[in-house]
1. Over the chain, what number does the Rg to Rh ratio reach, with both radii from the alpha-carbon atoms and Rh per Kirkwood?
2. Mind jotting down the distance between the C-alpha centroids of the stretch 63-142 and the stretch 174-226, whole Å?
3. So if each residue of separation counts as 0.36 nm, and I subtract the Cα-Cα distance between residue 214 and residue 105, what length gain in nm does that give?
4. Compute the relative contact order of the chain as a whole-number percentage, counting only Cα pairs closer than 8 Å that sit 6 or more residues apart in sequence.
5. Points 7 angstrom from Cα along the Cβ direction at residue 199 and residue 170: gap in nanometres?
6. Where Rh denotes the Kirkwood radius from the mean inverse Cα pair distance, what is Rg over Rh for the stretch 1-119?
7. Under a plain spin-label model, where a point goes 7 Å from the Cα along Cα-to-Cβ, how far apart in nm are residue 79 and residue 141?
8. What is the calculated FRET efficiency for residue 91 to residue 61, with r their C-beta to C-beta distance and R₀ = 35 Å, to the nearest 0.05?
Amino acid sequence: MSHDVLDIPAWAALAGPHRRFAEVSGRAVRYHPEVALFGAVAPDAGDDAWDDVAKLAGPAEVVTVVGEAPPPPAAWEVVLEIPGVQLVDVALEAAHDPEAVRLTAADVPEMLDLVERTQPGPFRARTIELGTYLGLRHNGRLIAMAGERMHPPGWTEISAVCTDPGYRGRGLATRLVKAVAAGIRERGEQPFLHASASNINAIRLYEALGFRLRRHTTFRAVRTPG
């Protein structure tokens, strides 16, 4: 199993298992905007790949580029740069959780509300289509969730790990990460994840669970020329 695809996870996913969600222009690709905000350029792309990104996104639109890419042209506005880390599973004790429920499209309004209150990262109306999402409920209310996002060959990213502030400190995130990972492992794939480099508590939790730092990365949002 090559780790190379993890250097370009969005490209590898959209050229492979997530091809059905891909919008393509030349050497640029992105997820359908209702599914995820991520895009990428081909691993061997040159500076002219940004012309393909512009054609794909349209004028004055924001695109978040994940993975290796040449610097954007001077005419482009860098809207946001978030230093991040990529971690891979090396010793996670994955386990199904009998109380975790599979979330469906009917749960999306609640999922969006939980994401809005906890800010685990981008989540859109159709993000749930990317893979399995599991949740924990208390008195019928969704209080924690986690699921699958980018899917480069042989790997699946665990994402949207979040817990209602009133229920933190009870190990709910740990349970859900292990449960999502159990499903990934059963498909013969390996879990990985991303986190903001500044989110020290989350990184410590993931490392304690059995993830290992693989690389530092940057999530870069750029605006195409208007």
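1. Values: Rg = 17.3 Å, Rh = 17.9 Å.
Radius of gyration over Kirkwood radius for the chain works out to 0.97.
2. Here the answer is 10 Å between Cα centres.
3. Details: separation 109, 0.36 × 109 = 39.24 nm, distance 3.30 nm.
Residue separation times 0.36 nm, minus the Cα-Cα distance, leaves 35.9 nm.
4. Numbers: 483 pairs, mean separation 66.4, N = 226.
Worked out over the chain, it gives 29 percent.
5. 2.1
6. Details: Rg = 17.0 Å, Rh = 16.7 Å.
Radius of gyration over Kirkwood radius for the stretch 1-119 works out to 1.02.
7. 3.2
8. On the way: r = 41 Å, r/R0 = 1.18.
Taking R0 as 35 Å, the efficiency between residue 91 and residue 61 is 0.25.
The values are calculated or read from the model by the stated rules, or taken from the named source; none is laboratory data. None of these values were measured; they are calculated from a predicted model. Methodologically, a virtual Cβ is constructed for each residue, glycine included, from the backbone with ideal geometry; neighbour enumeration extends over all protein chains shown. Just so you know, the surface numbers come from the protein's heavy atoms only, side chains and all, with ligands and any DNA or RNA stripped out. Shrake-Rupley method; radii C 1.70, N 1.55, O 1.52, S 1.80 Å.
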